[in-house]
Amino acid sequence: MTAQRINPSILSADFVNLQAELERIASADLVHVDVMDNHFVPNLTMGPPIVERIQAVSPIPLDVHLMIADADRWAPGYAELGAFSVTFHAEAAADPVALARRIRDIGARAGLALKPGTDPEPYLELLPEFDQLLVMTVEPGFGGQSFMADMMPKLRRVAEAKARLGLDVWLQVDGGITVDTIGIAAEAGADTFVAGSAVYGGVPEERIAQLREAAALHAH
Ligand code: DX5
Ligand code: ZN
């Protein structure tokens with residue numbers, strides 16, 4: 001059975017108590033950190049100085065999700081500050097392969113993210129250059145939106161390509177993941193699940209355990 005990961009998003013945490021909020025998700029696999037620039041997406045969150053402090057105090061490794069333009073300029077800095085993985089959007093990099101190689105050279109895992117409207121086909125042949133592929137299951141920008149089940153054919157398509165190429169790239173879903181939707185995504189081939197409001201909307205440790213249990217029922 002494929003290993004599965006639960007990555008809570010601190011976008012739904014209390015930003016004035018980040019250290020305590022990070023401690024509350026210590027039983028998760030990675031902490032998902034949403035970086036937004038009010039340009040690539042219509043919302044603004046945080047940048048390198050805050051992510052650097054999160055890296056310094058987090059009990060679990062950082063899964064940085066860059067929803068920013070000009071990823072070529074900014075992504076390597078997140079790898080340098082110690083993030084475990086750095087994911088950028090396909091449209092945000094002039095040369096996605098060159099950027100993935102820079103991220104890997106620094107020592108982080110490289111991730112490629114696809115918005116709901118992004119066709120996966122041109123990127124399937126690039127899969128060997130990446131450690132994870134993120135299929136967005138909401139329009140990026142905000143937490144608390146509804147899961148887009150119509151992204152499952154795209155996820156299946158990517159899972160198929162991964163199997164065909166014999167890769168161990170992680171397949172991540174982000175947006176609207178709850179105990180009710182996580183199984184649908186796992187069934188379609190996801191192994192890494194981001195959840196913001198579903199985790200921080202209750203007792204995080206309990207929510208993480210419930211998400212794990214629900215995902216495991218549908219693991220491949
Ligand atoms: C949305 C972010 C997500 C967000 C998910 O643009 O990329 O990571 O935090 O939040 P939920 O789980 O509430 O949909
Ligand atoms: Zn995210």
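The values are calculated or read from the model by the stated rules, or taken from the named source; none is laboratory data. Fair warning: this is a prediction, and the values are worked out from it, not measured in the lab. Here the Cβ positions follow ideal geometry from the backbone for every residue, glycine too, while neighbour counts run over all protein chains shown. SASA here: full protein model, heavy atoms, side chains in, ligands and nucleic acids out. Shrake-Rupley method; radii C 1.70, N 1.55, O 1.52, S 1.80 Å.
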Does Thr137 fit the bill of being more than 10 Å from ligand 1 (Cβ to nearest atom), touching a residue at least 24 places away in the same chain (Cβ under 8 Å) and crowded, with 23+ Cβ neighbours inside 10 Å?
no
Do any residues in segment 72-88 that are over 19 Å from Leu134 (Cβ atoms) have Cβ atoms under 6 Å from those of residues that are part of a helix (DSSP H, G or I) and not β-branched (Val, Ile, Thr), where the two are at least six apart or on different chains, and which pairs are they?
Gly77/Pro48; Leu81/Glu52; Leu81/Gln55; Gly82/Gln55
Considering only segment 140-157, how many residues are in contact (Cβ under 8 Å) with a residue 40 or more places away in the chain and either open to solvent by 40 Å² or more (accessible area, probe 1.4 Å) or over 15 Å from Asp174 (Cα atoms) (or both)?
3
Matching residues in segment 159-184 (out of contact with any helix residue (DSSP H, G or I) (no Cβ under 7 Å at 6 or more places or on another chain) and more than 19 Å from Val31 (Cα to Cα)) number 8
Can you confirm whether segment 15-26 contains a residue that is within 14 Å of ligand 2 (Cβ to nearest atom) and either open to solvent by 40 Å² or more (accessible area, probe 1.4 Å) or among the hydrophobic types (A, V, I, L, M, F, W, C) (or both)?
no
What are the pairs with Cβ atoms under 6 angstrom where one residue, in segment 89-113, is part of a loop (DSSP other than H, G, I, E, B) and at pLDDT below 95 and the other, located anywhere, is charged (D, E, K, R) and open to solvent by less than 50 Å² (accessible area, probe 1.4 Å)? Sequence gap at least six, or different chains.
none
If you go through segment 55-69 one residue at a time, do you hit one that is out of contact with any Phe, Trp or Tyr (no Cβ under 9 Å at 6 or more places or on another chain) and either within 13 Å of ligand 1 (Cβ to nearest atom) or of a type in the set (Lys, Arg) (or both)?
no
